[in-house]
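For reference, the structure is listed below as structure tokens.
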Amino acid sequence: MSVCEFKPGLEGIPAAQSSISFVNGQEGILEYRGLRIEDLAENSTFLETAYLLIWGKLPTKDELIEFEHEVRYHRRIKYRIRDMMKSFPESGHPMDALQASAAALGLFYSRRDLDNPAYIRDAVVRLLATIPTMVAAFQLMRKGNDPVRPRDDLDYSANFLYMLSEREPDPLMARIFDVCLTLHAEHTMNASTFSARVTASTLTDPYAVVASAVGTLGGPLHGGANEEVIGMLEEIGSVENVGSYLEDRLQRKAKIMGFGHRVYKVKDPRATILQKLAEQMFDKFGYDKYYDIAVELERAIAEKLGHKGIYPNVDFYSGLVYRKMGIPTDLFTPVFAIARVAGWLAHWKEQIAENRIFRPTQVYTGHHDVSYTPVEQR
Ligand code: CMC
């Protein structure tokens, strides 16, 4: 048997064959099913993009209407799930609440009928439809309020913003939020998608697949970075402090949140689009001083770390956009999850279509033939 070289973080090792998305990290290109992210951000909607990712093609007009209709009418969550969420501690992180709630859906809908296209469709619709409702419900309940009912007259993104704030959002804000979801919907074999595929490969139910991916997304090296970025900008406090902050971090060999990527060695194309969206938000809804700090930080990091290919990733500007929408900082990663559920489901579907359970190997570095020492002699 050949001995493979161990690669920490499995860098460069393909974990699947996939036709869902493509990244060229040297040129900053991202495609979903062959369509450029810039094109989708400009012309598509999140639900249409979700359909594209999951079913592999853009829907016809009728297919899109039917899909949007199904998602719209599955937004409500069972009162038992709501009651369960009510008992969560309000000090708990919303990502933990979301992971527990997504897993709980499996209690109601798990049949593991994976050969049945109707079961797959139902799970896709239910997860896309209810995850935003669960995120918004936890947000209101932890403040001591009752969750608001989804509004059938509002589209996917406008309804989510409405459920969070109990106010109908400005149409531009809702459109920008929808573009943010499109940008975050899928990104090849990242940690949470890998997690989703490993879980899917055991042929468990899709609610467990999504719950495991939510758990993986939450860490600060992955989706949790967007939340840390805002904390960092607040800590820096002013444009003048950027240089000294950066020096201090670099001396301590600490990472700068929202920068760097395993694949991109140039600015992440999603960060470029998000920066423009942030500017549109500030033009319409007012200036944010943290934007100037962010721009100066990007410039200073390009100077110091550009030679290593360290540039802004998707998490750098997204928080500034969400902040201006009034979304609390600790909901940034759940919002990322609302979008990424589309990609996870696409990978779930692809994985089970040609499944082989994940069972990698390891390089054993321990001892052999050790004899047991009775407890009194240790
Ligand atoms: N700040 C400073 N230096 C960095 C950074 C950073 N953010 N990222 C990488 N480096 C340096 C690192 O110190 C190392 O330098 P050297 O070779 O001199 O030791 C080199 O670049 C390679 O870094 P690495 O940690 O081996 O790279 P990785 O591919 O294992 O990690 C990463 C990728 C995204 C985890 C990492 O860049 C990072 O921790 N970034 C900050 C957290 C963050 O923004 N995460 C969001 C990632 S994108 C969206 C998502 O996945 O959710």
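The values are calculated or read from the model by the stated rules, or taken from the named source; none is laboratory data. Fair warning: this is a prediction, and the values are worked out from it, not measured in the lab. Positions of Cβ are backbone-derived with ideal geometry, glycine not excepted, and every protein chain shown enters the neighbour counts. For accessibility, only protein heavy atoms count, side chains too; no ligands or nucleic acids. Shrake-Rupley method; radii C 1.70, N 1.55, O 1.52, S 1.80 Å.
Results, tabulated for the structure shown:
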read-out: Some residue of segment 153-162 being within 30 Å of I13 (Cβ to Cβ), crowded, with 18+ Cβ neighbours inside 10 Å, aromatic (F, W, Y) and in contact (Cβ under 8 Å) with a residue 24 or more places away in the chain; value: no
read-out: The one condition in (1) more than 9 Å from the ligand (Cβ to nearest atom); (2) under 19 Å from G9 (Cα atoms); (3) open to solvent by less than 30 Å² (accessible area, probe 1.4 Å) that P269 fails to fulfil; value: (2)
read-out: Residues of segment 229-257 classified as assigned to a helix (DSSP H, G or I), in contact (Cβ under 8 Å) with a residue 24 or more places away in the chain and more than 16 Å from E298 (Cβ to Cβ), total; value: 2
read-out: Out of L183, L221, sole residue that is out of contact with any Gly (no Cβ under 8 Å at 6 or more places or on another chain), aliphatic (A, V, I, L, M) and at pLDDT below 95; value: L221
read-out: Verdict on R299 being within 11 Å of the ligand (Cβ to nearest atom) and basic (K, R); value: no
read-out: Residue within segment 202-215 that is open to solvent by 10 Å² or more (accessible area, probe 1.4 Å), within 12 Å of the ligand (Cβ to nearest atom) and of a type in the set (A, V, I, L, M) present; value: no
read-out: Segment 240-259 - residue that is open to solvent by 60 Å² or more (accessible area, probe 1.4 Å) and of a type outside the set (D, E, K, R) and, of those, nearest to H307 (Cα to Cα); value: Q251
read-out: Any hit, segment 224-245, residues being within 9 Å of the ligand (Cβ to nearest atom), touching a Phe, Trp or Tyr at 6+ places or on another chain (Cβ under 9 Å) and charged (D, E, K, R); value: no
read-out: Inter-residue pairs, beta-carbon under 6 Å, first within 11 Å of P206 (Cα to Cα) and in segment 339-365, second in a loop (DSSP other than H, G, I, E, B) and at pLDDT below 95, 6+ apart; value: I352/L114
read-out: Segment 346-373 - residue that is within 25 Å of the chain's Cα centre (by Cα) and among the polar types (S, T, N, Q) and, of those, least open to solvent (accessible area, probe 1.4 Å); value: Q351
read-out: Qualifying residue in segment 274-294 (condition: under 25 Å from I29 (Cα atoms), within 21 Å of the chain's Cα centre (by Cα), within 14 Å of the ligand (Cβ to nearest atom) and not small (G, A, S)); value: yes
read-out: Which numbered condition G219 misses (of (1) open to solvent by 70 Å² or more (accessible area, probe 1.4 Å); (2) in a loop (DSSP other than H, G, I, E, B)); value: (1)
read-out: Segment 147-198, residues that are in contact with a Phe, Trp or Tyr (Cβ under 8 Å, 6 or more places away or on another chain), within 16 Å of the ligand (Cβ to nearest atom) and among the aliphatic types (A, V, I, L, M); value: L181, A185, A196
